[in-house]
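What follows is one structure encoded as structure tokens, with my remarks underneath.
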Amino acid sequence: MNPAPAASKSHGVVRLEIPAVAEWVAVARLAVAAVASRQHFSVDDIEDIKLAVAEACTNAIQHGMPDGSITIVCEVTDESIVLTVRDRGQGPPLGAVEEERIGEGGRTEELGVFLIRALMDSVEYTSDVRDGTQLVMTKRVSG
């Protein structure tokens, strides 16, 4: 009988809450870059993570509650970083973004969602009228 695989050990959780204003997106980018740099991510992977978080925050600003806030939670494990971005809005359309639709009248928020999905290894959206929108993105350490 094979033993169950060991659960990935968490190396900590960092929580950041920023105003839902474009000027604060740079703070979120810097914070997640600092957290990701504590793992063995390549410079390219860190840039991908920063861009994905910036797109997620931009979507939260566009579709969140006016004068609201955005919560970013970063959890680092042995194998990955898991980033959760939450806001109180209903979020962008959560349907699948088809590559051929980009450039054929695709909307800006669809491009943002497309980029996030292309840059991260796993992406999950949930949206609820009462609880707002939550985006969970995972990037695994390469190699």
Show the residue pairs meeting these rules: Cβ distance below 7 Å; 6+ apart or different chains; first residue within region 7-36 and at positive phi; second residue in a strand (DSSP E or B) and surrounded by 14 or more Cβ atoms within 10 Å (Cβ to Cβ). Gly12/Val76
Check whether at least one residue in region 69-78 is modelled with pLDDT under 95 and exposed (fewer than 14 other Cβ atoms within 10 Å of the Cβ), and report yes or no. yes
Are there any pairs, at least 6 apart or on different chains, whose C-beta atoms fall under 6 Å, with the first in region 45-69 and under 14 Å from Glu23 (Cα atoms) and the second surrounded by fewer than 16 Cβ atoms within 10 Å (Cβ to Cβ) and of a type in the set (D, E, K, R), and if so, which? Ser69/Glu17
Going by what's in this entry, would Pro93 be described as modelled with pLDDT under 95 and more than 17 Å from Pro19 (Cα to Cα)? yes
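A quick yes/no check of all residues on (1) hydrophobic (A, V, I, L, M, F, W, C); (2) at pLDDT 90 or above; (3) over 18 Å from Thr138 (Cα atoms):
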| position | (1), (2), (3) |
| --- | --- |
| Arg38 | no, no, no |
| Lys50 | no, yes, no |
| Val53 | yes, yes, no |
| Thr84 | no, yes, no |
| Met120 | yes, yes, no |
| Val123 | yes, yes, no |
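I'm trying to understand the selection: among the residues of region 125-143, which are at pLDDT 90 or above and under 16 Å from Glu55 (Cβ atoms)? It would help to see each step written out before you state the result.
Of region 125-143, the ones at pLDDT 90 or above are 134-141.
Scanning region 125-143 gives Gln134, Leu135, Val136, Met137, Thr138, Lys139.
The values are calculated or read from the model by the stated rules, or taken from the named source; none is laboratory data. Note that the structure is predicted; figures quoted are calculated from it, not measured. All Cβ positions, glycine included, derive from the backbone under ideal geometry; neighbour counts span all protein chains shown.
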